[in-house]
Amino acid sequence: MGPGARILSIMSIASSPGRRSVLIGAAAVAAGLSREVSARPAGEGPWAVELFTSQGCSSCPPSDAHLGRLSKRPDIVALAFHVDYWDYIGWRDPFASRETTERQRAYARTLKQRYVYTPEMVIEGIGHDTGREPAPIEALLARAQARAKRRATPDLSRSLGGPLTIKLDAFPLGGRIADVTLAVYDRRHATPVKSGENQGRMLENFNTVRHIELVDRWDGTARSWTIPGDRIGPTQGMAVLVQETDHGPMIGCNKLEPAYSG
């Protein structure tokens, strides 16, 4: 953990009343959705970066901004998970949920952390840092790239408003089982914070996860899945994570995003 992070015992959690936020960038969506990061050559990603953050934490805005920069890279699947355990200190994060908090706690167990903290970037399920500075994150990405001889990169396709199709080619899992997880996210939000540590600030958040679900457990055989279109908004991004069960290392990931002018 780097300087300026806020920590919390893995066992404690609290919440408080909510606030509203303003959605930015609901501009016109292009006539269709394209495969922005379709199957890339083995070992070239894309790579998963998951930020655990809270609008109630004054240490988080620099990491939120860093995730925003990473989200523009085609080789990065950048996701922001807003946790709810800082809601009690004066501002309820409108995007926080118990589900995202539990995802962070699962990583803490897998990565053998003594506590959870914000901001925390988990890279490819193999390491973590605050994400406030680029160098440690790039080092973790380099470590992930060095260990990945092959990737199970899902192929994603969707017509405007229609279902999402996820395809995975056969992949040698060596008897292991992988989780195929869908995350649906808002591309950008700006929230005027009226109380708490960030009182008076307009906070910008990027790739804020609004829905996450386990699609299936996968044994490495060629498979495809269809996700109903009504689970995904017309301006939302979609990411599929393929990782060893119980929040282990990533085996592959991909994203699909509508055209966005923000």
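Annotation: R73 fulfils all but one of (1) closer than 19 Å to T53 by Cβ; (2) out of contact with any helix residue (DSSP H, G or I) (no Cβ under 6 Å at 6 or more places or on another chain); (3) touching a residue at least 12 places away in the same chain (Cβ under 8 Å); the unmet one is (3).
Checked against (1) buried (at least 20 other Cβ atoms within 10 Å of the Cβ); (2) in contact (Cβ under 8 Å) with a residue 60 or more places away in the chain, P62 passes all but condition (1). Considering the conditions (1) open to solvent by 20 Å² or more (accessible area, probe 1.4 Å); (2) assigned to a strand (DSSP E or B); (3) in contact (Cβ under 8 Å) with a residue 60 or more places away in the chain, K167 is excluded by exactly one of them, (3). Evaluate region 191-208: report whether one residue or more is among the aliphatic types (A, V, I, L, M) and buried (at least 22 other Cβ atoms within 10 Å of the Cβ). No; the residues of region 191-208 include none that is among the aliphatic types (A, V, I, L, M) and buried (at least 22 other Cβ atoms within 10 Å of the Cβ). Name the pairs: first residue in region 99-115 and touching a residue at least 40 places away in the same chain (Cβ under 8 Å) and farther than 19 Å from V209 by Cβ, second residue among the polar types (S, T, N, Q) and outside any helix (DSSP H, G or I), Cβ to Cβ under 7 Å, at least 6 apart or on different chains? Pairs that qualify, where the first residue is touching a residue at least 40 places away in the same chain (Cβ under 8 Å) and farther than 19 Å from V209 by Cβ and the partner is among the polar types (S, T, N, Q) and outside any helix (DSSP H, G or I), are Y115/S9.
Can we say R217 is part of a strand (DSSP E or B), free of Cβ contacts under 8 Å to residues at least 60 places away in the same chain, open to solvent by 10 Å² or more (accessible area, probe 1.4 Å) and of a type outside the set (S, T, N, Q)? Before the answer, list the steps.
Values: part of a strand (DSSP E or B): yes; free of Cβ contacts under 8 Å to residues at least 60 places away in the same chain: yes; open to solvent by 10 Å² or more (accessible area, probe 1.4 Å): yes; of a type outside the set (S, T, N, Q): yes.
In short, yes.
Return a yes/no flag: does region 199-213 have any residue that is at positive phi and in a strand (DSSP E or B). The answer is yes, given that some residue of region 199-213 is at positive phi and in a strand (DSSP E or B). Entry remark, region 220-244: residues being loosely packed, with under 12 Cβ neighbours inside 10 Å and either part of a loop (DSSP other than H, G, I, E, B) or among the small types (G, A, S) (or both) number 4 in total. The residue of region 246-262 that is surrounded by the fewest Cβ atoms within 10 Å (Cβ to Cβ), among those that are modelled with pLDDT under 95 and not acidic (D, E), is S261.
The values are calculated or read from the model by the stated rules, or taken from the named source; none is laboratory data. Since the model is a prediction, treat every value here as computed from it, not as a measurement. A quick note on method: Cβ atoms are made from the backbone with ideal geometry, for glycine too, and the neighbour counts reach across all protein chains shown. Accessible surface is based on the protein model in full, side chains and every heavy atom, while ligands, DNA and RNA are left aside. Shrake-Rupley method; radii C 1.70, N 1.55, O 1.52, S 1.80 Å.
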